[in-house]
Amino acid sequence: MRSLRWLALAGVLTLTACGGDPATSSPPVGQAGTGPVTLDYWTDKQGSEAAVAAFNAAHKDVQLKYVKAPAVDLVKNLRNAHKAGDKATMPCVVQTDNRNGGQLLAEGVIKDITQEVSGSAATFSPGAVEELTLAGITYGVPDKRDPLFSMYYKPIFEKRGLKYPTTWEELIEIGKDLKKDGIAVFNLAGEDPSTMMGLAWQAGARWYTVQGDAWKINFTDDASKWAAGIMQQLLDNGLVEKISYAEYAAMMQEYDQGKIAMRQVSTWQLSGHQRSMKDSLGQWEAGPNLLVKGQNEPVSAADTGALSVPSLCKDPAKAAQAAIWLATESTPVAAMADPVDGSGWYPAVADPAPYLDAVVPRQLWGEHAEAGKQVIADSDNFASGWVYGPNSTAMYEELADKWGKAMNGDMKVEDVLTHMQQWTVNDLKQKGVKVVE
């Protein structure tokens with residue numbers, strides 16, 4: 001039945017590669033049968049070693065082997081391992097996300113694990129499984145979500161009698177005031193278009209949608225154009241710093257010295273701020289994510305982390321069950337949520353409340369920490385309906401290239417969207433994927 005569904009969706013998913021029959025099964029983790037098996041787990045996320053140790057202590061027939069795989073090369077290395085076709089060296093659990101997962105699924109590199117995940121769907125936060133489901137096929141176990149909120153350097157606003165902005169339009173006006181004193185309201189990195197993309201997503205844009213057995217591409221709707229306009233105003237008015245994330249220490253120094261007023265963040269970014277701050281510790285305060293036009297409450301629009309199972313894994317059903325255990329059991333979830341020894345992740349579980357204390361940066365926020373904890377909890381309101389298509393990795397690389405040109409003033413942000421519309425349609429067609437014009 002699952003194979004028939006896969007074939008029926010070929011027009012939506014198929015690129016140039018072809019995955020195997022997804023209908024593969026074996027006993028769940030912990031069930032006696034075939035004897036001990038060791039499965040490689042590729043990731044570089046802090047806290048993963050502790051999570052693996054917890055898994056191994058709790059299981060006898062299955063053991064996980066932590067393999068440090070740098071995130072920047074993981075997708076490329078996974079593709080290369082798949083192409084080599086050697087099951088003996090293939091990992092069985094990999095850290096991915098919904099941005100790369102769609103393309104890896106379409107290429108046959110990772111498996112359809114709909115059946116394995118569906119039985120545990122209630123243990124995950126609302127919408128998390130859907131974020132990792134493409135054309136009815138679930139390709140990952142959600143282990144992280146990114147609630148978005150704001151963080152402000154309070155002295156900048158107190159000194160000038162300014163209130164924190166509630167909308168992006170207010171942010172621009174405040175930025176004009178701060179610019180007079182040489183203070184940037186925000187930082188945008190030339191290699192990272194995620195702020196602009198997330199803003200379009202939050203505003204209601206859906207760049208990829210499935211229509212029947214084909215894709216509808218829309219980068220130029222009103223929501224996307226509105227987001228582009230906000231970014232263009234920030235750039236045209238010189239309201240932002242343009243420090244690359246590759247220069248992380250320099251960026252953190254600007255924040256610490258009060259040269260950048262605020263940042264849109266998620267929990268996984270907080271530990272880095274806390275470790276890097278010296279002069280401004282205790283003077284940062286959290287606030288809701290900025291509202292977009294027409295919204296009455298803040299909405300988070302950000303990627304969902306996933307544990308995926310490569311299609312050449314020697315024991316995919318055990319791997320899927322191991323991934324579910326890592327993403328839902330309290331010990332590994334707490335290990336990943338820890339902001340010091342872990343990654344400060346906001347877990348993708350149905351009830352994240354027990355882990356909120358762990359992710360709050362109490363030194364960074366000082367007396368505002370408890371209020372910040374509530375801000376994080378209130379930010380658990382995710383925009384639904386966003387999917388990445390089967391060329392999502394290539395799309396994002398092209399978007400990043402053109403975003404860099406917009407940051408340098410070589411093209412307008414709205415022109416980036418126009419380019420991406422045509423580029424994405426053409427790229428899908430060249431890969432043999434059906435597109436609705």
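The values are calculated or read from the model by the stated rules, or taken from the named source; none is laboratory data. All values derive from a computational prediction rather than experimental measurement. Positions of Cβ are generated from backbone atoms using ideal geometry, with glycine treated the same way; all protein chains shown enter the neighbour counts.
Tabulated data for the structure shown
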{"quantity": "Failed item, numbered, when residue 376 is tested on (1) β-branched (Val, Ile, Thr); (2) farther than 25 Å from residue 136 by Cβ; (3) over 19 Å from the mean Cα position of the chain (by Cα)", "calculated": "(3)"}
{"quantity": "Filter result (farther than 21 Å from residue 100 by Cα and in contact with a His (Cβ under 9 Å, 6 or more places away or on another chain)) within the stretch 385-437", "calculated": "411"}
{"quantity": "Residue among 385, 389 that alone is surrounded by fewer than 19 Cβ atoms within 10 Å (Cβ to Cβ), in contact (Cβ under 8 Å) with a residue 60 or more places away in the chain and assigned by TED's automatic domain parsing to the domain that holds residue 426", "calculated": "385"}
{"quantity": "Those helices (runs of 4 or more DSSP H) lying entirely in the stretch 62-143 with at least 2 residues touching a Leu at 6+ places or on another chain (Cβ under 8 Å) and farther than 18 Å from residue 395 by Cα", "calculated": "71-84"}
{"quantity": "Where a residue in the stretch 287-301 is within 17 Å of residue 265 (Cα to Cα) and its partner, wherever it lies, is surrounded by fewer than 19 Cβ atoms within 10 Å (Cβ to Cβ) and among the β-branched types (Val, Ile, Thr), with Cβ under 6 Å and at least six apart", "calculated": "290/167; 291/166; 291/167"}
{"quantity": "Members of the stretch 58-67 found to be farther than 11 Å from residue 326 by Cβ, touching a helix residue (DSSP H, G or I) at 6+ places or on another chain (Cβ under 9 Å) and among the hydrophobic types (A, V, I, L, M, F, W, C), listed by number", "calculated": "62"}
{"quantity": "Qualifying residue in the stretch 345-355 (condition: part of a loop (DSSP other than H, G, I, E, B), closer than 16 Å to residue 379 by Cβ, of a type in the set (A, V, I, L, M, F, W, C) and in contact with a helix residue (DSSP H, G or I) (Cβ under 7 Å, 6 or more places away or on another chain))", "calculated": "yes"}
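Here is a yes/no grid of residues against (1) in contact with a Ser or Thr (Cβ under 6 Å, 6 or more places away or on another chain); (2) crowded, with 20+ Cβ neighbours inside 10 Å; (3) not hydrophobic (A, V, I, L, M, F, W, C):
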residue	(1), (2), (3)
203	no, yes, no
210	no, no, no
213	no, no, yes
217	yes, yes, no
233	no, no, yes
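Yes/no matrix, rows are residues, columns are (1) without any contact (Cβ under 8 Å) to a residue 12 or more places away in the chain; (2) in a helix (DSSP H, G or I):
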position	(1), (2)
314	no, no
322	no, yes
336	no, yes
371	no, yes
380	no, no
394	no, yes
411	yes, no
